[in-house]
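Heads up, the thing below is written out as structure tokens.
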Amino acid sequence: MFIANWKMNGSQSMLVRWLEGVNKTLDKSLQTKCILCPPVCFLSEASKVIKKEKLSISLGAQNIDPSNISPLTGGIDGAMLKELGAEYVVIGHSERRKVFKEENQLLSEKLESASKEDLRVIFCIGESLKEKEEGKTISVLKKQLEILNDAELNNFTVAYEPVWAIGSGETAKLDDIEDIHRQIVDEVRSFKKESFLGVFYGGSVDSSSSRQILSLKGVQGLLIGGASLECEEFCNIVLTNNQN
Ligand code: 13P
């Protein structure tokens, strides 16, 4: 799977051009492997274009609010995201963990909000540079994964995104990615969640690095930030990974 996380970028006209480009470049079977997560304000337009042009790409939201906190000015819950056409939702992205201090308690409530509406969760985890240098990567990841144990989830994936690799142009070493993915898989499997679909990698992935990363054991997909904004680059990543 290839997830385009636009973060706080784009515009309505860019969205329309991007979707048209994807439709021209990727055949339907490749489109089914793609999930676009635009800013929430563009989800409705994206959904309209997808229906009108009969695209096979899916939509996801970059965030969700807990549905058990009410009233909540500015809040957007799972039911609202669903109405806008989202099937997936990203929860626990490091940018939100850092800026909005999103921690396990709040993230558990977000998981619940998603699960109530059958949204498929892409649960992000990752260690900071300091944590990596102190040899704490695995313990940090396990702590972040802990809340999945109690969550009732529909099909979900975990996205491993080392914080220091995001937007830095630096990807983790291939051996490290493979080893860490294996440990994440083992940990989540120990929770006995049948709805666990695997682990994705994210952090400065582009068309030159994607093939090697996706060929690693345990890497089921890519979560792509900056390189997903350009339609051509995003499509190149998808196409490169479908050559023999
Ligand atoms: P970049 O691909 O821009 O490093 O972003 C990765 C990411 O955070 C995707 O969620």
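For Asn242 and Ser139, what is the calculated FRET efficiency with R₀ set at 35 Å and r taken between the beta-carbons, to the nearest 0.05?
The value I calculate is 0.45.
Whose amide H sits under 5 Å from the amide H of Glu127, counting only residues 5 or more places off or on another chain, with H placed in the peptide plane?
Val163
Using the basic label-point model (7 angstrom from Cα toward the beta carbon), what is the Lys192 to Asp27 distance in nanometres?
4.3 nm
Apply the membrane-span-like helix rule to the chain: whole DSSP H runs, Cα extent along the own long axis of at least 15 Å, mean Kyte-Doolittle hydropathy at least 0.5. List the helices found.
Details: long enough: 12-25 (20 Å, -0.27); 104-116 (18 Å, -0.85); 174-190 (24 Å, -0.69).
None pass (Cα extent of 15 Å or more, hydropathy at least 0.5).
As an exercise, use a Förster radius of 25 Å and the Cβ-Cβ distance of Leu129 and Lys217 to find the FRET efficiency, rounded to the nearest 0.05.
Efficiency, from the Cβ-Cβ distance: 0.45.
Tell me, in nm to one decimal, what length is gained between Glu83 and Ser70 on full extension, where the rule is 0.36 nm per residue of separation less the Cα-Cα distance?
That works out to 2.8 nm of additional length.
Rounded, prolate or oblate: which fits the chain when a ≥ b ≥ c are the square roots of the eigenvalues of the alpha-carbon gyration tensor, with rounded for a/c under 1.5 and prolate only if a/b beats b/c?
Values: a/c = 1.62, a/b = 1.10, b/c = 1.47.
Judged from the Cα gyration tensor, the chain comes out oblate (a/c at least 1.5, b/c at or above a/b).
Express in nm, to one decimal, how much length is gained between Lys116 and Arg17 on full extension, taking 0.36 nm for each residue of separation and deducting their alpha carbon distance.
This chain segment gains 32.3 nm when fully extended.
Glu53 versus Glu233, label points 7 Å from Cα toward the beta carbon: distance in nm?
The modelled label-to-label distance comes out at 2.0 nm.
From Cα pairs below 8 angstrom and at least 6 apart in sequence, can you work out the relative contact order of the chain, rounded to a whole percent?
Answer for the chain is 19 percent.
Would you kindly state how much longer the chain becomes between Phe100 and Met8 on full extension, computed as 0.36 nm times their sequence separation minus their alpha carbon distance, in nm to one decimal?
Stretched out fully, the Phe100 to Met8 stretch lengthens by 31.6 nm.
How many nm is it between the label spots at Ser168 and Asn154, if each spot is 7 Å from the Cα in line with the beta carbon?
Reported label-point gap for Ser168 and Asn154 is 3.6 nm.
We did not get these values from a lab; they are worked out from the coordinates using the rules stated. The model shown is predicted, which means the values in this text are computed figures rather than measured ones. No Cβ is skipped: glycine too gets one built from the backbone with ideal geometry, and neighbour counts run over all protein chains shown.
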